[in-house]
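What follows draws every value from the coordinates through simple rules; no lab data is involved. Note that the structure is predicted; figures quoted are calculated from it, not measured. Reconstructed Cβ throughout: ideal geometry from the backbone, glycine too, with neighbour counts over all protein chains shown.
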Amino acid sequence: MSATAARSIQEPARSIPVAAEYDVLVVGGGPSGLTAALAASEDGLRVGLVESRSFVGGNMTIGLPVLGFLGQKGNQIIDGLPEKFISRLRRERDGASEHRPCPLHMGITLVEPEAVKTTALEMLTEAGVEVLFYTFFAGVVMDGDRIGGIITESKSGRQAIVAKVVIDCTGDADVAYRAGVPTEKGNEQGGMQPPTLMFCLGGVDTDKLRMSIANAPPEARTYLTDFIPAEYFGQNHQFIVVGLRELMAKAKQERGLKIPNERTIIITGLKKGEVWINMTRVKGTDGTDARSLTKGEIEGRAQIDDIVAYLIGYVPGFEGSYFTKTAPFLGIRETRRIVGQYVMTQEDVLACRHFDDAIAVASYPIDIHRPADDGCTLIWCGDCYDIPYRSLVPQKVENLLVAGRSISATHEAMGAIRVMATCMAMGEAAGRAAKISIRGNRAPADIDIRELRRQQLEHGVYLRNPQGGRATPNDLAPAA
Ligand SMILES: Cc1cc2nc3c(=O)[nH]c(=O)nc-3n(C[C@H](O)[C@H](O)[C@H](O)COP(=O)(O)OP(=O)(O)OC[C@H]3O[C@@H](n4cnc5c(N)ncnc54)[C@H](O)[C@@H]3O)c2cc1C
């Protein structure tokens, strides 16, 4: 295949079959798509979910802990459907930890990828959501300012699906982009956070690892970790290590290892001796370009051997460990963001801003794996900030909502709202907004926000009152 595609050929216009009709169609079954579909289906609407892979869960299946359930003051700030999902995962499959406080990440919730896939699918099926796997969203047919139908490609060929409201949960704003919604990518230079191919090791002595950090003498900075006091590791069996910078620098110098990361990032799994490694890093990858994605996948895989050599050769507890598997796909941190009715900014996050149309509360810091070098920028806001509904509502297209990491936010704000508990909370709001839009026969942009917020509260969603405490229905603004 040649590297450039300057040539084009004419594709003949043709009629394609309408494979299904729904009230609400969710495209993408990751953290945001899962809750969007569940919320949209809660009072009997016909809901479909199209997913290109053979499972739901998105990035919740690549060995990552769910971040964002706890706020910077230690209280739980994501509840509602995300909490129901995690509780069921924990209760029925031993597939989730408690929400554990973490000085760096506020809270971590470990999840077992296979249990995520199964529980998510069970919940969707019980809710009556029609899930269509192996089906790639490929385009839209517009009917004026509305999406008349979406086009899919699969083993069944090219087909259409018609829906009254579409919720784009692809993470890449694929639907919004194809429908003509303005989108942005990356920082001011267009640089996007680099992707990572996660991988897993077994046979790690995680107690030795954590106690070597906990017991390290203050002068032995080698074992100390970024922002997390060493004592933390003495008390916690499930943890994330972020740091060991000097140890890794030593390994690079002594062994000539090529590791494009300044920090060692190790996440304990739920199974004994299993850890996930978040250290490959493929700068310059564009997750919306198949050729670039392929290059990223190849480069990410090529980085693994040196990282494993470093871990086994230098990091306490890894001496008897072994490589077991990679994640099913390259993890994409950042691609397109829509430009919606409101663009969330760094100032909104750092000022812990309240919004009248808040549909979720978040607290995770701005966490940017810098596009151009091997480092990371972290900025905390001190408490919580609201996610406004208007950031889920795109410009130009009437019957579309967007949830997850591609909502309307700047590069910096996206660095904060992208974690999975927050994405699930946004999905829940989008699903409920779609339902209200259809029941009230109004475009998502025109729904009664108080009604959305009232329903959110009724379903156990955490929202803030003006004093910053947990809101109740009494805190809602009275009808105009
Ligand atoms: C390496 C890495 C580390 C991270 N670390 C953490 C962490 O520790 N904790 C945390 O909470 N968050 C972390 N994040 C962020 C978080 O994982 C994502 O921001 C979050 O999963 C986004 O959720 P989403 O629902 O928007 O999209 P995704 O999780 O990306 O899900 C999108 C879904 O849509 C499907 N899809 C996409 N395009 C199409 C299409 N055209 N047709 C059909 N289906 C489609 C995909 O297959 C996928 O299932 C990390 C991200 C990465 C990449």
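Figures for the structure shown
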read-out	value
Full-stretch length increase - Arg470, Glu126 - with 0.36 nm per residue and alpha-carbon distance subtracted	120.8 nm
For region 199-326, diffusion coefficient by Stokes-Einstein and Kirkwood Rh (Cα), 37 °C, 0.692 mPa s, µm²/s	216
Relative contact order for region 1-140, counting Cα pairs under 8 Å that sit 6 or more residues apart, in percent	29
Packing-based exposure ordering (other Cβ within 10 Å, fewest first) of Ile298, Ile407, Ile108	Ile298, Ile108, Ile407
Debye equation applied to the C-alpha atoms of region 363-404, log10 I(q)/I(0) at 0.34 Å⁻¹	-1.12
Total charge dipole magnitude, the chain, about the Cα centre, Cβ charges on Lys, Arg, Asp, Glu only, Debye to nearest 20	520
Two-site label geometry, Glu262 and Ala443: point separation in nm, points 7 Å out along Cα→Cβ	4.5
Coil-residue chymotrypsin sites (Phe, Trp or Tyr not before Pro) of region 186-274, DSSP, other Cβ within 10 Å capped at 16	Phe227
Simple spin-label estimate for Glu458 and Asn75 in nanometres, 7 Å along Cα-Cβ	2.4
Debye intensity ratio in log₁₀ form over the Cα atoms of region 177-223, taken at each q of 0.17, 0.19, 0.28, 0.30 Å⁻¹	-0.75, -0.80, -1.01, -1.05
Mean residue ellipticity (222 nm) of the chain, computed from DSSP H runs ≥ 4 via -39,500 (n - 2.57), nearest 500	-8500 deg cm²/dmol
Fraction of alpha-carbon pairs over 44 Å apart in the chain - percent	12
Calculated FRET efficiency for the pair Glu254/Ala372, C-beta based, R₀ 30 Å, to 0.05	0.65
Calculated from backbone phi, Karplus (6.51, -1.76, 1.60) coupling profile of region 331-341 in Hz, x at Gly/Pro	x, 9, 7, 8, 9, 7, 10, 6, 9, x, 5
When each of Lys208/Lys250; Lys208/Lys271; Lys84/Lys185; Lys185/Lys325; Lys117/Lys271 is checked by Cα-Cα distance, pairs over 26 Å	Lys84/Lys185; Lys185/Lys325
Ascending count of other beta-carbon atoms within 10 Å, so fewest first, for Lys283, Lys435, Lys396	Lys396, Lys283, Lys435
Label point distance in nm, Gln341-Ser15, each placed 7 Å from Cα along Cα→Cβ	3.8
Packing-based exposure ordering (other Cβ within 10 Å, fewest first) of Val315, Val26	Val315, Val26
Selection of GluC sites (Glu not before Pro), region 78-155, meeting DSSP coil and at most 15 other Cβ within 10 Å	Glu98
Simple Cβ-charge dipole of region 347-480, Lys/Arg +1 and Asp/Glu -1, about Cα centre, in debye nearest 20	460
The chain: relative contact order in percent, alpha carbon pairs under 8 Å with at least 6 residues between	21
Rounded if a/c under 1.5, otherwise prolate or oblate - region 275-337, Cα gyration tensor axes	prolate
Cα centre as origin, Lys/Arg/Asp/Glu Cβ charges: region 168-294 dipole, Debye	480
Rounded if a/c under 1.5, otherwise prolate or oblate - region 294-392, Cα gyration tensor axes	prolate
